[in-house]
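*Asks:* This is the structure, below, for whatever I ask next.
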Amino acid sequence: MLHTLWSVKGGSGVTLVSAVTAAIFARRSGRAVLVDLCGDQPAALGIAEPSSPGVRDWLASTDGSAQALERLFIQVEPGLWLLPCGTAQEWPEDRQAQLARVLLDLGCDVVVDAGLITDLGRSLASAGRSLLVTRPCYLALRRATSARVQADGVVVVADTGRALSGADVAAVLGLSVVASIEVDPAIARAVDAGLLIRRTHKALERSLRGVA
């Protein structure tokens, strides 16, 4: 299944939620692919910055085969593969739908870190499960209502002291909250140290049951 996680405002937590979700899928089923559309995943996962081509380069290339795409995968841990971002900025428009088909045909859970939503993210989101990651922030909700991207649910990354609740987010967007994550300084430190998926975050994984 294809799971695309996206946001409308920077700092919403898409990188964190995507990485942990992909790791949960990999440990549960033995194989999962994490697609990085923004370039932030290597640092969060604690691996070297890839020098090899990535998904954007595949989109821009003349070889649109599944085999060519899979050659770009980087193993992060047993069962978990990263499809890095790459550097290309332009590609034929029809290649985005082709990418969605290839990812769907992989036969495992594929998690897309789409970051701030773009045309590429929209294309992948429309091909599978689309999840908006947001903080309970008035400005973020305002942007989300005008994003015109269909979502199947919302992941709320909750800050302490916010006036808005998960119920408020659901009411404003007209979507169900599939997961609510409390901001934890320990998780932030793990991300900064590149140890996000190498440490067990039981509370976080429990919070993501509605996602993974």
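Read the figures in this text as sums done on the coordinates, not as results from a lab. Nothing here was measured: the structure is a model prediction, and the numbers come from that model. Here the Cβ is made from the backbone with ideal geometry for all residues, glycine too, and neighbour counts use every protein chain on show.
*Asks:* Compute the separation of the alpha-carbon centres of segment 140-168 and segment 1-39 and state it in Å as a whole number.
*Replies:* For segment 140-168 versus segment 1-39, the Cα centre distance is 18 Å.
*Asks:* Just how large is the dipole of the chain about the Cα centre, in debye to the nearest 20, putting +1 at every Lys and Arg Cβ and -1 at every Asp and Glu Cβ?
*Replies:* Approximately 600 debye in magnitude.
*Asks:* Need the full-extension length gain, GLN89 to THR62, defined as separation in residues times 0.36 nm minus the C-alpha distance. One decimal, nm.
*Replies:* Going from the current span to full extension adds 8.2 nm.
*Asks:* Pairing the Cα long axis of helix 94-104 with the longest principal axis of the chain, what angle in degrees results, from 0 to 90 and rounded to the nearest 10?
*Replies:* Its long axis makes an angle of about 80 degrees.
*Asks:* May I pose another question? Multiplying the sequence separation of GLN150 and LYS202 by 0.36 nm and subtracting their Cα-Cα distance, what value in nm do you get? Intermediate results must be reported in sequence, preceding the final value.
*Replies:* Values: separation 52, 0.36 × 52 = 18.72 nm, distance 3.02 nm.
Contour length minus Cα-Cα distance gives 15.7 nm.
*Asks:* Of LEU72, LEU139, LEU82, which is the most mobile in a GNM of the chain whose springs link Cα atoms less than 10 angstrom apart?
*Replies:* LEU139
*Asks:* Given H placed on each backbone N at 1.01 Å, which residues far from ALA179 in sequence or on other chains put an amide H within less than 5 Å of it?
*Replies:* Here VAL154, VAL156 satisfy the definition.
*Asks:* Points 7 angstrom from Cα along the Cβ direction at ASP105 and ALA188: gap in nanometres?
*Replies:* About 4.4 nm separates the two model spin labels.
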